[in-house]
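Laboratory data are not the source of any read-out in this text; all were calculated from the coordinates shown. All values reported here derive from a predicted model rather than from experimental measurement. Every residue, glycine among them, receives a Cβ derived from its backbone with ideal geometry; neighbour counts consider all protein chains shown.
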Amino acid sequence: MEQVADRRRVIITKPKRKPVQREIEDLALWGFIIHVSQFLSAAVPLLGLVVVCLIWASKKNQSKIMDRHGRNIINWTISSLVYLALLFMISLAEPIAAAGLAVIFGLISIYNIIRGIVYALKEKSIPYRFSFEFF
């Protein structure tokens, strides 16, 4: 901290944040928002996907890590549709087994989202578990 002395008082000024540090904090915030927005699909179907696509489209050219976050989420969303189609086919033959698999799939989804949030706050990007690589 910088101190400026006068005869009667001392003024302490706070150091200014560097622009790079602010940019990293903004990336962490946007990474957090893009992962959390997936929970919007629980309230309104496909709303989470729309929000993710909008954020990804607006931020992917600004940062490689935001591009990676968006790709990971879209890959997981497409993978989820594949898994849900398989669950539907299984439910036609074995409804009880499909119900158990649906619970496991739901838990994996929540785990992946929370894991994505944690890594986004660390300014890192990791692929979701059990996700196919489309993009």
Quiz item: Looking at (1) under 22 Å from I34 (Cα atoms); (2) out of contact with any helix residue (DSSP H, G or I) (no Cβ under 9 Å at 6 or more places or on another chain), which is the only condition N72 fails?
Solution: (2)
Exercise. Could you check, for the stretch 73-94, whether at least one of its residues is within 17 Å of the chain's Cα centre (by Cα) and among the acidic types (D, E)?
Key: no
Quiz item: Can you name the condition, by its number, that A120 falls short on among (1) loosely packed, with under 12 Cβ neighbours inside 10 Å; (2) in a helix (DSSP H, G or I)?
Solution: (1)
